[in-house]
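Note sheet for the following structure.
The values are calculated or read from the model by the stated rules, or taken from the named source; none is laboratory data. Because the structure is a prediction, the values reported are computed rather than measured. Neighbour counts are summed over all protein chains in view; Cβ atoms, including those assigned to glycine, are modelled from backbone coordinates with ideal geometry. Keep in mind that these areas ignore ligands, DNA and RNA; they rest on the heavy atoms of the full protein, side chains included. Shrake-Rupley method; radii C 1.70, N 1.55, O 1.52, S 1.80 Å.
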Amino acid sequence: MNCILRYSLSLLLVLSSAALSHAQDEQTAGLDTTSFNRDIRPQDDLFEFVNGTWLKNTPIPADKSNYGSFTKLADLSEERLKAIVEELSAADHPKGSDEQKVGDFFKAYMDVEKANELGAAPIQEELAKIDALESKEALIEHFGSLDQMGVSTPLGAYISQDAKVSTQYIVHLVQNGTTLPDRDYYLVRHEEKNESARAAYMQYVEKLVELTGSSIDGEEVFAFETRLADASWSNIKLRDAEGRYNKYKTEDLAKLTPGIDWSVLFEASGVEPGDEVIVNTPSYFEKLDEIMQQTSLETLKEYAKFHLIDRFAPYLSEPFVIAHFDLHRKELAGVTEQRPRWKRAIAAISGGRGFGALGEVVGKIYVQRHFKPEAKEKMDRLVKNLLKAFGTSIDGLAWMSDETKAKAKVKLSKIRTKIGYPTKWRDYSALEVEPADLVGNTIRSAKVEHDRQVQKLGKPIDREEWGMTPQTVNAYYNPTKNEIVFPAAILQTPFFSADTPAPLNYGGIGAVIGHEISHAFDDQGSRYDGDGNLNNWWTDADREAFEKLTTQLVEQYDGYEPLPGKFVKGDFTLGENIADLSGLEIAHRAMSFELDGKDPIEVAGWNQDQLFFVGWSRVWARKYREAEMMKRLLTDPHSPSAYRANGPVTNIDAFYKAFDLKEGDQLFKPESQRIKIW
Ligand SMILES: [Zn+2]
């Protein structure tokens, strides 16, 4: 039940699962021009001009797959969390208190000797349960309990708002259960990287067999996963909000998959789905039914064992940890070194990408120590300015009718903003944490989260729930709640600082705010109304005009080639590219509202507009390992950072004016070809 983020939130960026090392430089409030590459002109490459020297002189740390502005801030969050967790771990706290749970989770994680002594013991009982299954029906039922432990199975399920009745939660079924990051890794066999991933997968299985004594035939399991991949929808198809909205009567699931008894599965995973469910990927399930019938019970059990071990390998003895790293981080992300254990412990507690076991407990302390109320006040004002700017932009659109404009403004007026941290924190009272039971803690934590999700069914929508912890350096738009959310940790330099010149803030956090607002109006977000329902509020002619513009943007990004022969997928990244373009345009407009007519701002010889675009470009300072870049081109709906910096500005007149662009400059487009959406 943990794939909600993947399908319903539009994030500012996809965080890599393992960020993080010591902050490498001082966070300065003003403009640091030492990162600039003066050999490059901003008119030719704004990204390289602003970040070139930094890019050249900054190696990607050995334990990271990519490194840049976001990671630097994530490192800072990590250091702060370390201090919090170590403090809690060093003192005694009453059993059952949140402080005890954090402290003991950390202790259990750091006890590598204990983990090594236990070897595979913590999961042997679970492996034996799978070995004992005597039929496919029993296995499907068992998938229900594996799901509760966070083990992935082919029967993906999660609970989220009904996109057409946004006041209700409903069970969603979705493709799931492959190990490699994207279906292409299985299906595009002639590529070297995919062959290499396959070989690493086989070695991994072999190692796990050796370490657990379980019998698992890697070739058979891989062949099964390949069939799952083949049945799966592409990431591009999955973006289609209408396409993945397929409501079924729960009783009719038997027609979709005659061989899978969902009622048994639901019962085993403690889910009471009610009369209806949403099937995101119906054709996948039709094929899955066939695949399950054609695959032997033995192979299915071996598949389940492999996924169980893979899930818990990071918490077992060092040989497991290394084997897991070798496939998931070294092979698939190009990382050369394992993160130190304490960093992995912090991620498990605080949540790297997700919430971790106790993400909001440490988040609450993080906020008390590191988030200033003034930042919230300043953000409130910025958001207000951005929303106003978006409204005036709608008024001025040449391609949209007044009828649709009025509806767009209704949606805009209903956007809700969350800044910093939740007003209501999650309750972890059901979680038991033992100081010497790492795997047990992990399983219990997964179950608590599973139950939290399941208990949403039948209840009113929790409007105060957050999809990210406050210590996360990111932001998101949630279309079914029509809300924009900015965690505390992104409200820092280079995005935002109370004492930085205003144009840098507008080019930084201003454009981030604009980005999230724009998601409400991107190619998918615009299909939802102000109440979070998929509900077409457009006239056909306006939709057509909009799609003509977005098609041009697809073509622009299709032309970017981050690695030789490897291109950005313009249709996969469209929503994010719209948000980047419109967000930047709106942020510039909002800045003009606030600053035009006042004393001109100048820093280090740069004027207001130039500073704005410098501020934009510097937040995208980032570099990637090649394997990570390859993976992201298939799995990350955001364009690589260089194109996030350079792509939008080619369409923005203010950029042309700021740097006096002329025909022949690399970033120049004739006025008639500049794309203006919002
Ligand atoms: Zn986004």
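Taking the listed residues Ala90, Ala74, Ala120, Ala108, the one that is at pLDDT below 95 and of a type in the set (A, V, I, L, M, F, W, C) is Ala74, with no other qualifying.
Every residue, every condition in (1) at pLDDT 95 or above; (2) in the same structural domain as Glu242 (by TED's automatic domain parsing); (3) touching a helix residue (DSSP H, G or I) at 6+ places or on another chain (Cβ under 8 Å), yes or no:
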| site | (1), (2), (3) |
| --- | --- |
| Thr257 | yes, yes, yes |
| Ile260 | yes, yes, yes |
| Gly270 | no, yes, yes |
| Val277 | yes, yes, yes |
| Thr281 | yes, yes, yes |
| Tyr284 | yes, yes, yes |
| Met292 | yes, yes, yes |
| Glu302 | yes, no, yes |
| Phe306 | yes, no, yes |
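Scanning segment 614-626 for residues that are more than 16 Å from the ligand (Cβ to nearest atom) and open to solvent by less than 30 Å² (accessible area, probe 1.4 Å) yields Val614, Gly615, Ser617, Ala621. Among (1) touching a helix residue (DSSP H, G or I) at 6+ places or on another chain (Cβ under 6 Å); (2) outside any loop (DSSP other than H, G, I, E, B), there is one condition His93 misses while meeting the rest; what is its number? So the condition that His93 fails would be (2). Picking from residues in segment 550-572 that are assigned to a helix (DSSP H, G or I) and within 13 Å of Leu633 (Cα to Cα), the one that is least open to solvent (accessible area, probe 1.4 Å) is Tyr557. Within segment 228-257, residues that are closer than 20 Å to Asp571 by Cα reach partners that are charged (D, E, K, R) with beta carbons closer than 6 Å, at six or more positions or on different chains, in the pairs Ser232/Arg183; Ile236/Asp571; Ala241/Arg527.
Taking Ala241 and the conditions (1) in contact with a Pro (Cβ under 8 Å, 6 or more places away or on another chain); (2) assigned to a helix (DSSP H, G or I); (3) among the small types (Gly, Ala, Ser), which numbered condition does it fall short on, given that it satisfies the others? For Ala241, the exception is condition (2). The set of residues in segment 573-613 being in a helix (DSSP H, G or I), open to solvent by less than 60 Å² (accessible area, probe 1.4 Å), within 29 Å of Tyr557 (Cβ to Cβ) and away from the ligand (no atom under 16 Å from the Cβ) consists of His588, Ala590, Met591, Ser592, Gln608, Asp609, Gln610, Leu611, Phe612, Phe613. Scanning segment 497-530 for residues that are away from the ligand (no atom under 16 Å from the Cβ) and in contact with a Lys or Arg (Cβ under 7 Å, 6 or more places away or on another chain), we see that the one that is most open to solvent (accessible area, probe 1.4 Å) is Ala498. Of all the numbered requirements in (1) outside any helix (DSSP H, G or I); (2) open to solvent by less than 10 Å² (accessible area, probe 1.4 Å); (3) more than 27 Å from Val485 (Cβ to Cβ), Ala357 misses one, and that requirement is (3). Consider segment 454-475 and keep the residues that are within 14 Å of the ligand (Cβ to nearest atom) and surrounded by fewer than 24 Cβ atoms within 10 Å (Cβ to Cβ). The one that is nearest to Glu267 (Cα to Cα) is Gly467.
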